Amino acid sequence: MIQIEDAFRILNTIVFHPEIEYIRLMNSLGRILAEDIISAISMPPFDKSAMDGYAISSNDTSEQFKIVETIAAGSVPSHTIKKGECAKIMTGAMVPPGTDRVVKVEVTREENGFMSITGEDKYLNICYCGEDVKPGDKILGKGQIIRPQEAGIIASMGTANVPVYKKPLVGIITTGSEIREPGETLSTGQIYNSNAYSIGAQVLQAGALVKYAGIVGDDINNIKNAIDSLLSETQMVLISGGVSMGDYDFVPQTLKELGVDLKFDKVAIQPGKPTVFGVRDKTLVFGMPGNPVSTFTIFEIFVKQMLYKLMGSVYTPMILKGTLRKDFKRKNAERTAYIPVKYSNDAFIDTLEYHGSAHLTALSSANALLSIPVGVKEIPQGSIAYVRQI
């Protein structure tokens, strides 16, 4: 058994070179940039008005200004503005030659083709060419996730097709002869397959693709064939169950027989101690315990960061500082524990009713995991603690 820090060190040694594809910008939400986005243009591309108003020279102290043209957004000025003249201008329109100031319409009066300034406007109200972006500027970096704001930025550069990393395909297997799919009828001693669906949802939420291989009963040959097939078809295989020390826990030995280089097979983490991790060729394999809170936690702590690596990015969990509202105690402190908790808007941390790694419904009230280091059995009420948002 290795410590959690050693598991992280092993995972951090794995290097990937994801494939690149070009996709339409409209379909890029949530995808990860495979190249830097470099601007070929200035933004704004010309001096433009920040207000509806009148463009004049700031040196012109005339009492009235003759309106020589009206400039709408998207049109090109046709006059050079001289002393005693102005151009009526709309927000976003190109500022005409001979002007360096736009007087906002709220402090002006227009009458008989002339404009008079009736109030104070301290600002020039002009967005200058290139003040936001110049040609050659790096706008977005490789590895950045495209959100709505990034999509808008890329569009403002005139880019229609975006270089992104291909989504990895993640294979999921659930082992156990007692497992049945939702919708089927349970017999005595059987349970429904929750793990495949929670893991699949976690994979999809991270932005990858799912290939679900179904439930494989406790037969070593069937397990071996199912894993071997996914190892050849996917970039990551996630196996739920069959990794502990029971008579039907065939997964670790099966992985070795299939040529998987096991990097670790037990971690000092609670829940999830029997977690297995290995690599065959370019495919990663995680074997996770069958208890549902264990699989959820192991995905959040270990799998997610590797999945982001496969997608060409770095996953950085959101760590929140809070105050423990009640005392926390545990009997065994030999492993780093991750406890489902609720982090409130007022920065308090509330522990939940939690019966252990099989208590799946406890997760529905949780929005964070509280990390309890090795050796720590108690955290008093009022202590400052840090939680990991989920």
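Hey, among Asp327, Asp261, which residue is more than 27 Å from the chain's Cα centre (by Cα) and at pLDDT below 95? When all the criteria are applied, what remains is Asp327.
For segment 40-56, filtered to residues that are hydroxyl-bearing (Ser, Thr, Tyr) and in contact with a Lys or Arg (Cβ under 7 Å, 6 or more places away or on another chain), the residue that is nearest to Asn161 (Cα to Cα) is Ser42. Would you pick out the residues in segment 85-121 that are of a type in the set (Asp, Glu) and in contact (Cβ under 8 Å) with a residue 12 or more places away in the chain? If the condition is that a residue be of a type in the set (Asp, Glu) and in contact (Cβ under 8 Å) with a residue 12 or more places away in the chain, then Glu85, Asp100, Glu106, Glu110, Glu120, Asp121 are the ones that fit.
Restricting segment 331-353 to residues that are acidic (Asp, Glu) and outside any strand (DSSP E or B), which is nearest to Asn291 (Cα to Cα)?
Taking segment 331-353 as the starting set, the residues that turn out to be acidic (Asp, Glu) are 334, 346, 350, 353.
Next, only the ones that are outside any strand (DSSP E or B) stay: 334, 346, 353.
On the way: Glu334: 20, Asp346: 32, Glu353: 17 Å.
Among residues in segment 331-353 that are acidic (Asp, Glu) and outside any strand (DSSP E or B), the one nearest to Asn291 (Cα to Cα) is Glu353.
Quick check, is Tyr123 more than 30 Å from Val68 (Cβ to Cβ) and aromatic (Phe, Trp, Tyr)? No, not satisfied.
Across segment 177-218, what is the total count of residues that are touching a residue at least 12 places away in the same chain (Cβ under 8 Å), in a loop (DSSP other than H, G, I, E, B) and not small (Gly, Ala, Ser)?
Result for segment 177-218: 6.
Out of the residues in segment 122-148 that are assigned to a loop (DSSP other than H, G, I, E, B), touching a residue at least 24 places away in the same chain (Cβ under 8 Å) and of a type in the set (D, E, K, R), state the one that is nearest to Tyr308 (Cα to Cα). Among those residues, the one meeting the criterion is Lys142.
The residue that is modelled with the highest pLDDT, among those in segment 354-375 that are part of a helix (DSSP H, G or I) and surrounded by 15 or more Cβ atoms within 10 Å (Cβ to Cβ), is Leu363.
Here is the figure for segment 1-26: residues that are more than 30 Å from Ile301 (Cβ to Cβ) and part of a helix (DSSP H, G or I) total 2.
Answer yes if at least one residue in segment 112-128 is surrounded by fewer than 16 Cβ atoms within 10 Å (Cβ to Cβ) and under 38 Å from the mean Cα position of the chain (by Cα), and no otherwise. Yes, because at least one residue in segment 112-128 is surrounded by fewer than 16 Cβ atoms within 10 Å (Cβ to Cβ) and under 38 Å from the mean Cα position of the chain (by Cα).
Restricting the search to segment 326-372, which residues are touching a Ser or Thr at 6+ places or on another chain (Cβ under 8 Å) and of a type outside the set (A, V, I, L, M, F, W, C)? Steps first, answer last, please.
Keep residues of segment 326-372 that are touching a Ser or Thr at 6+ places or on another chain (Cβ under 8 Å), which gives 326, 328, 336-342, 347-350, 352, 357, 360, 369-372.
Lys326, Thr336, Tyr338, Pro340, Lys342, Asp350, Ser357, Ser371 - these are the residues of segment 326-372 that are touching a Ser or Thr at 6+ places or on another chain (Cβ under 8 Å) and of a type outside the set (A, V, I, L, M, F, W, C).
Scan segment 302-330 for residues that are part of a helix (DSSP H, G or I) and of a type in the set (Val, Ile, Thr) and the total you get is 1.
In this structure, does Thr159 turn out to be part of a loop (DSSP other than H, G, I, E, B), touching a residue at least 60 places away in the same chain (Cβ under 8 Å) and either touching a helix residue (DSSP H, G or I) at 6+ places or on another chain (Cβ under 7 Å) or not assigned by TED's automatic domain parsing to the domain that holds Asp36 (or both)?
On the way: part of a loop (DSSP other than H, G, I, E, B): yes; touching a residue at least 60 places away in the same chain (Cβ under 8 Å): yes; either touching a helix residue (DSSP H, G or I) at 6+ places or on another chain (Cβ under 7 Å) or not assigned by TED's automatic domain parsing to the domain that holds Asp36 (or both): yes.
Spelling it out, Thr159 is indeed part of a loop (DSSP other than H, G, I, E, B), touching a residue at least 60 places away in the same chain (Cβ under 8 Å) and either touching a helix residue (DSSP H, G or I) at 6+ places or on another chain (Cβ under 7 Å) or not assigned by TED's automatic domain parsing to the domain that holds Asp36 (or both).
Phe65 passes every criterion in (1) surrounded by 13 or more Cβ atoms within 10 Å (Cβ to Cβ); (2) more than 30 Å from Thr336 (Cβ to Cβ); (3) under 35 Å from the mean Cα position of the chain (by Cα) apart from (3).
The values are calculated or read from the model by the stated rules, or taken from the named source; none is laboratory data. Quick caveat: nothing in here was measured; it's all calculated off a predicted structure. Because the Cβ atoms are built from the backbone with ideal geometry, glycine has one as well, and the counts that use them run over all protein chains shown.
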